[in-house]
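Okay, so here's the structure we're looking at.
Each reported figure results from applying straightforward, stated rules to the coordinates on display, with no laboratory input. Given the structure is predicted, the values throughout are model-derived calculations rather than measurements. So basically every Cβ, Gly included, is an ideal-geometry build from the backbone, and we count neighbours across all protein chains shown.
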Amino acid sequence: MISKKVILTGSFGVGKTSLFNQFIYSKFSDRYLTTIGVKVNKKTLEIGGKELSMLLWDIAGEVAQDKVPTSYFLGASGVIYVCDLTRPSTYKNLDKDIEYLKGIINGGIIKIVANKSDLVSAEDIERIKSEIPLPIDTITSAKTGDNVNDLFHALGAELID
Amino acid sequence: MTNPIMTEQNNKTQSDEELLMEKLRSILLKEERQKVQRLETIVETKKNLSEKVDPIIEEHIQRLKTEFPDHYKQVVDRIVEQKIKDSSEEILNTIYPVFGQMIKKYIALQFQLLRESIDQQIKNTFSTKGVIGNIKARLFGIKTSDVIISNINKPIISEVFVIERDSGLLKGSASAVSTIDQDVVAGMLTAIKAFVEDAFDGGQQNLGMIEYDTHRIFLQNFPNYYIAVAMSGSISTTEKSNLTDRLLAFADKEINNTLFASSEESFKHISEQLEIYFIGKEIQLLT
Ligand SMILES: Nc1nc2c(ncn2[C@@H]2O[C@H](COP(=O)(O)OP(=O)(O)O)[C@@H](O)[C@H]2O)c(=O)[nH]1
Ligand SMILES: [Mg+2]
């Protein structure tokens, strides 16, 4: 069994906790999130015959990434950076944030996710994509569950490589 | 009662006998005697020999002593330097328990000395037992209550986790009870620890204990991992010290550098040993 630490991050309200809950049935109350700013949960994935135990850290959203305690990111093999398709403020600092994250987690895999696809039209999505300074890896809806499993499995596959 | 004649006769007989015996001995033991003679000469020769040889050996040793650094120092230095560079983490993990043990013992000793000197001072200053008792109780109130509490509520270890410091990934665990997912517990503990350390000490200090109700989680930190010990009951200073000793010994003996290779074998080994060292044990009785 391989274990990897993965962090969900991004601005407040983009849907990190919703993605987390959509992916994992959560045994713990969200109380932890507000008290210490993080909640850890586990999902075991089977990828190409190998078992991967993904320890997901859901971080309470902050406006800027550098407000999140650095120690939460240490030792992470993967980061899922979530932004909200309906709020430009959640992706306007994307390149700066990613640059910052790369500096802390050296060598880890970073996935950029645009969430709440159920709230915008296909044309809007195309337009937003051209506005965002970096390519988006996955477009999800935590509400409908669209692409959520794919997101985690794709990351899992890269992690056990 | 002594008869002089008899005595003389006796003496004569005895000395004749002795002579006879001596002859017999020299015949029977001739070979043995020769052997002894030979050995003596060998020892003598050896002694002579060594007198001659020693200065030569000594000279060689001296020359090696003075010339070895010139010839080999650079090579050795380079090897050592490279070795340390390649395995600084391993070295740190190896020496940390030893250092921890040393520092702990030193501090404990200093406290002991301090306490004794205070004791002495109190004895010198006050004469009435009541006064001394009162002050002692105030000064060492914690200790006294610790003793009382520990007798009522002996701490028993229920769970132990070895956790990688940064990632919070579990590297081995043992548990007397079946609890919620241990991987998740390890992650949450790490998050709580990081939170407290970041918030109150700027990351310079390590969180050592989490307490809630009648439960405690004792945290022993190492360079890139830590051990969390969950227990019920209250723990005295002495017991804490016992536990630390045991944890350092465990780390020294059972955790090696394979820890971070995340092999299943290492996970299994650490878990099995944790069980043997700690689970269900009364901390008081740990040695
Ligand atoms: N329509 C829609 N709402 C979403 C989606 N994801 C999250 N939300 C809503 O957005 C709000 C914030 O979500 P939350 O998961 O708490 O965001 P977090 O702060 O990033 O953890 C909540 O009201 C969610 O119900 C989505 O994909 N579609
Ligand atoms: Mg949230």
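Rounded to a whole number, what is D in µm²/s for the stretch A:2-160 from Stokes-Einstein with the Kirkwood radius over alpha-carbon pairs (37 °C, 0.692 mPa s)?
209 µm²/s
Quick query: amide H of A:Thr9 versus all other amide H atoms, modeled in the peptide plane; which residues come in under 5 Å with a sequence gap of 5 or more or a different chain?
Those lying under 5 Å, H to H, from A:Thr9 are A:Ile80, A:Tyr81, A:Val82.
Just to verify a number: FRET efficiency for B:Gln82 and A:Glu46, C-beta to C-beta distance, R0 = 51 Å, to 0.05?
0.75
Under a point-charge model restricted to the Cβ atoms of Lys and Arg (+1) and Asp and Glu (-1), what is the dipole moment magnitude of the stretch A:2-160 relative to its Cα centre, in debye to the nearest 20?
Around 560 debye, computed over the stretch A:2-160.
Treat the count of other C-beta atoms within 10 Å as a stand-in for reagent exposure and order A:Thr90, B:Thr190 from fewest to most.
Exposure proxy ranking, most exposed first: A:Thr90, B:Thr190.
Would you list B:Leu19, B:Leu243 from fewest to most Cβ contacts within 10 Å?
Least crowded to most crowded, the residues run B:Leu19, B:Leu243.
With the crude spin-label approximation of a point 7 Å out along Cα→Cβ, what separation in nm comes out for A:Asp150 versus B:Ile279?
The two pseudo-label positions are separated by 4.4 nm.
Over all distinct Cα pairs, what is the inverse of the mean 1/r for the stretch B:49-88, reported as the Kirkwood hydrodynamic radius in Å?
Final number for the Kirkwood radius of the stretch B:49-88 is 12.2 Å.
How far apart, in nm, are two points set 7 Å out from the Cα along the Cα-to-Cβ line at B:Arg63 and at A:Ala122?
The modelled label-to-label distance comes out at 9.2 nm.
I want to check the label-to-label distance for B:Glu264 and B:Ser241. Put each point 7 Å from Cα in the C-beta direction and report it in nm to one decimal.
4.4 nm
Among A:Ala60, A:Ala122, A:Ala76, whose mean-square fluctuation peaks in a Gaussian network model of chain A (Cα, cutoff 10 Å)?
Looking only at A:Ala60, A:Ala122, A:Ala76, the biggest GNM fluctuation is shown by A:Ala122.
When the C-alpha atoms of the stretch B:156-285 are aligned to their principal axes, what extent does each axis show, in angstrom, from largest down?
That gives 36, 35, 28 Å along the principal axes, largest extent first.
With the contact rule set at Cα under 8 Å and sequence spacing of 6 or more, what percent relative contact order holds for chain A?
Taking the mean separation of contacting Cα pairs over the length of chain A, I get 28 percent.
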